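So the structure is just underneath, and the comments pick up after that.
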Amino acid sequence: MSKFEVLSDKALSLVGQAGDSLRHAIPESAEKWLKTGIAIGAARSGTRAAGGFLRRNPAILAASAIGIGVAWAVAYQYRKRKQSNTVEGSSRRIEPNRSSTRKRGSRQASESDS
(Lines give C-alpha, C1' and ligand atoms only; values in the text may rest on other atoms or scores of the structure.)
Protein backbone atom coordinates (compact mmCIF):
# COMPACT_ATOMS: atom_id res chain seq x y z
CA MET A 1 0.00 0.00 0.00
CA SER A 2 1.21 3.45 -0.77
CA LYS A 3 1.21 6.34 1.70
CA PHE A 4 -1.68 7.92 -0.15
CA GLU A 5 -3.89 4.83 0.32
CA VAL A 6 -2.97 4.65 4.02
CA LEU A 7 -3.84 8.32 4.49
CA SER A 8 -7.16 7.98 2.65
CA ASP A 9 -8.09 4.92 4.77
CA LYS A 10 -7.26 6.82 7.95
CA ALA A 11 -9.25 9.83 6.77
CA LEU A 12 -12.26 7.63 5.99
CA SER A 13 -12.11 5.96 9.39
CA LEU A 14 -11.84 9.36 11.14
CA VAL A 15 -14.83 10.68 9.19
CA GLY A 16 -16.79 7.55 10.11
CA GLN A 17 -15.91 7.94 13.79
CA ALA A 18 -16.84 11.63 13.72
CA GLY A 19 -20.16 10.81 12.09
CA ASP A 20 -20.92 8.13 14.68
CA SER A 21 -20.05 10.40 17.59
CA LEU A 22 -22.07 13.24 16.09
CA ARG A 23 -25.03 10.92 15.54
CA HIS A 24 -24.97 9.84 19.18
CA ALA A 25 -24.53 13.39 20.45
CA ILE A 26 -27.54 14.79 18.56
CA PRO A 27 -30.95 13.98 20.06
CA GLU A 28 -33.49 12.18 17.83
CA SER A 29 -35.68 15.24 17.35
CA ALA A 30 -32.71 17.30 16.15
CA GLU A 31 -31.82 14.54 13.70
CA LYS A 32 -35.36 14.66 12.31
CA TRP A 33 -35.13 18.43 11.96
CA LEU A 34 -31.78 18.08 10.20
CA LYS A 35 -33.21 15.55 7.74
CA THR A 36 -36.19 17.81 7.13
CA GLY A 37 -33.92 20.80 6.51
CA ILE A 38 -31.83 18.80 4.07
CA ALA A 39 -34.96 17.66 2.23
CA ILE A 40 -36.28 21.23 2.02
CA GLY A 41 -32.93 22.50 0.76
CA ALA A 42 -32.79 19.79 -1.89
CA ALA A 43 -36.35 20.59 -2.99
CA ARG A 44 -35.58 24.31 -3.27
CA SER A 45 -32.44 23.80 -5.30
CA GLY A 46 -34.27 21.26 -7.50
CA THR A 47 -37.06 23.73 -8.18
CA ARG A 48 -34.57 26.44 -9.08
CA ALA A 49 -32.81 24.14 -11.52
CA ALA A 50 -36.09 22.91 -13.01
CA GLY A 51 -37.41 26.47 -13.30
CA GLY A 52 -34.35 27.62 -15.22
CA PHE A 53 -34.53 24.60 -17.50
CA LEU A 54 -38.24 25.04 -18.19
CA ARG A 55 -37.78 28.76 -18.82
CA ARG A 56 -35.38 27.87 -21.61
CA ASN A 57 -37.56 25.01 -22.93
CA PRO A 58 -41.25 25.92 -22.63
CA ALA A 59 -42.31 23.17 -25.08
CA ILE A 60 -41.34 20.55 -22.50
CA LEU A 61 -43.59 22.27 -19.95
CA ALA A 62 -46.53 22.24 -22.37
CA ALA A 63 -45.97 18.60 -23.29
CA SER A 64 -45.75 17.67 -19.61
CA ALA A 65 -48.98 19.49 -18.82
CA ILE A 66 -50.77 17.77 -21.69
CA GLY A 67 -49.40 14.38 -20.62
CA ILE A 68 -50.53 14.91 -17.04
CA GLY A 69 -53.98 15.96 -18.24
CA VAL A 70 -54.35 12.90 -20.46
CA ALA A 71 -53.19 10.60 -17.67
CA TRP A 72 -55.68 12.20 -15.27
CA ALA A 73 -58.53 11.84 -17.79
CA VAL A 74 -57.72 8.17 -18.40
CA ALA A 75 -57.56 7.48 -14.66
CA TYR A 76 -60.85 9.33 -14.14
CA GLN A 77 -62.59 7.32 -16.87
CA TYR A 78 -61.18 4.08 -15.47
CA ARG A 79 -62.43 4.88 -11.96
CA LYS A 80 -65.81 5.97 -13.32
CA ARG A 81 -66.16 2.77 -15.35
CA LYS A 82 -65.11 0.67 -12.38
CA GLN A 83 -67.64 2.33 -10.06
CA SER A 84 -70.62 2.18 -12.42
CA ASN A 85 -72.95 -0.62 -11.49
CA THR A 86 -74.25 -1.74 -14.85
CA VAL A 87 -77.31 -3.94 -14.84
CA GLU A 88 -76.80 -7.22 -16.61
CA GLY A 89 -79.79 -8.15 -18.70
CA SER A 90 -80.85 -10.38 -21.54
CA SER A 91 -81.76 -9.48 -25.05
CA ARG A 92 -82.88 -11.23 -28.19
CA ARG A 93 -82.31 -10.31 -31.76
CA ILE A 94 -85.25 -9.29 -33.91
CA GLU A 95 -84.69 -10.28 -37.51
CA PRO A 96 -85.84 -7.80 -40.15
CA ASN A 97 -88.85 -8.85 -42.21
CA ARG A 98 -87.59 -8.62 -45.79
CA SER A 99 -90.87 -9.61 -47.50
CA SER A 100 -92.64 -6.39 -46.58
CA THR A 101 -90.00 -4.06 -47.98
CA ARG A 102 -91.25 -1.57 -50.52
CA LYS A 103 -89.92 -1.93 -54.01
CA ARG A 104 -88.64 1.19 -55.68
CA GLY A 105 -88.99 2.03 -59.28
CA SER A 106 -86.04 1.66 -61.62
CA ARG A 107 -83.75 4.56 -62.41
CA GLN A 108 -84.48 4.37 -66.06
CA ALA A 109 -88.06 5.38 -65.51
CA SER A 110 -87.12 8.42 -63.45
CA GLU A 111 -84.42 9.49 -65.93
CA SER A 112 -86.82 9.32 -68.88
CA ASP A 113 -89.22 11.69 -67.12
CA SER A 114 -86.64 14.48 -67.08
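The values are calculated or read from the model by the stated rules, or taken from the named source; none is laboratory data. Treat the numbers as computed from the prediction; the structure is a model and nothing was measured. Every residue, glycine among them, receives a Cβ derived from its backbone with ideal geometry; neighbour counts consider all protein chains shown. With ligands, DNA and RNA removed, areas are computed over all heavy atoms of the protein, side chains included. Shrake-Rupley method; radii C 1.70, N 1.55, O 1.52, S 1.80 Å.
Quick look at the numbers
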quantity	calculated
Selected residue (only one of Gly19, Gly46 is part of a helix (DSSP H, G or I), at pLDDT 85 or above, among the small types (Gly, Ala, Ser) and open to solvent by less than 100 Å² (accessible area, probe 1.4 Å))	Gly46
Condition check for Ala71: surrounded by 10 or more Cβ atoms within 10 Å (Cβ to Cβ) and hydrophobic (A, V, I, L, M, F, W, C)	yes
